Amino acid sequence: MCIRDRTKDCSSFKDACLLLVPHIQDNLLLADWMLRYLTRRKSLLFEILIESNSKEIREALKNVILEAIRTVTQAKAFLYLPKGVECSVDRLVSLLLAEGLNYARINHKKFDEYFTLLLAFTLLGNSAINLIIASNGIYALIDFIANTPTPLNSNSTMNRPTMPEGTSFVVPIKLLAVLTSGCITQDMKSSNNFPEGVSADSVMLPENQIDFLLSSKWSCYALISCLLYTS
């Protein structure tokens, strides 16, 4: 039975995911294959992770993906990758950021599992945070939470759905908080003075982007998220 058919029965899908998780935890090749499979079948990925009307189904797939990401991340140094082949974790996370936000806009009442997955990914360490930041994650999230395109987000477009008033951004703001708190500036690097949990290996934002955040109306989203994260 294919994955899409299993989603027609919530209990069957949840049971299948529960059975799959321990195998993914113990098998690096299976975890790597799962991430590559979902990246190739992106329409299926977003259909279940964001579009499904069942929170239990969305949660079950999120758990499977997260365990696969953890398994591959922990063993990344031992995973053979031919020259030019990107790590399965990097490919999937890049896809989630590049295309997932528009699915989330359309399904604004069902996007918590998607953002919770990205948030859990950032807890795996600085390399995970750096990957999202380097993928334009901060500006994509500000763009998403502001519910309007921001000038610094190259993926912004006016031809996209707008979320209604009252949409809850609690989880996206938590994610934005982790990312903004994980950045460094040139001044920090020069003085070797970093906030707790941040190191010289963290992503350094260009000065023009920092100036933009501090001098425009978009800064409030980054500032509020930082305050929430550090309070």
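The values are calculated or read from the model by the stated rules, or taken from the named source; none is laboratory data. Computed from a predicted structure; not experimentally measured. Note that we place each Cβ from the backbone using ideal geometry, even for glycine, and neighbour counts take in every protein chain shown. Accessible surface is based on the protein model in full, side chains and every heavy atom, while ligands, DNA and RNA are left aside. Shrake-Rupley method; radii C 1.70, N 1.55, O 1.52, S 1.80 Å.
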Query raised in the report: From the list LYS55, LYS8, LYS62, LYS83, which residue is at pLDDT 95 or above and surrounded by fewer than 16 Cβ atoms within 10 Å (Cβ to Cβ)?
Result: LYS55
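Go through the range 167-187 and give me each residue that's open to solvent by 50 Å² or more (accessible area, probe 1.4 Å) and modelled with pLDDT under 85. Let's see the steps before the verdict.
We begin by selecting, within the range 167-187, every residue open to solvent by 50 Å² or more (accessible area, probe 1.4 Å); these are 168, 170, 174, 186-187.
Scanning the range 167-187 gives GLN186, ASP187.
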Query raised in the report: Under 8 Å by Cβ, and 6 or more places apart or on different chains, what pairs join a residue from the range 131-142 that is touching a residue at least 40 places away in the same chain (Cβ under 8 Å) with one that is acidic (Asp, Glu)?
Result: LEU131/ASP90
